[in-house]
Amino acid sequence: MDVENEPVGWDPSDPAIAHPWGLPARQAWFEEATPFAGITISEPQVKPSPMTLEKYLAKQNA
């Protein structure tokens, strides 16, 4: 990470950005994280509902 570079934002609702490998990410990618020592885990105020691989496959098989 270089402090001189501006962060790159991305819109998870854009399929070209959200699914760079052609399929959405697994649900676990959105829900699991590494805990940090001394930091209390809290739920976000707004819980997103991204397209996940599980949702995508269920929709394809419906």
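Taken together, the values in this text are just the output of simple stated rules run on the coordinates, not laboratory data. Computed from a prediction, not measured in an experiment: that's the story for all the values here. Neighbour counts are summed over all protein chains in view; Cβ atoms, including those assigned to glycine, are modelled from backbone coordinates with ideal geometry.
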Across segment 1-57, the tally of residues that are within 13 Å of the chain's Cα centre (by Cα) and part of a helix (DSSP H, G or I) stands at 8
Residues of segment 28-58 being surrounded by 10 or more Cβ atoms within 10 Å (Cβ to Cβ) and under 17 Å from Asp11 (Cα atoms), in sequence order, are Trp29, Phe30, Pro50, Met51, Thr52
Checked pairs for segment 27-47, first touching a residue at least 24 places away in the same chain (Cβ under 8 Å), second of a type outside the set (Gly, Ala, Ser) and assigned to a helix (DSSP H, G or I), C-beta under 8 Å and 6 or more apart or across chains, list as Gln27/Leu53; Gln27/Glu54; Gln27/Lys55
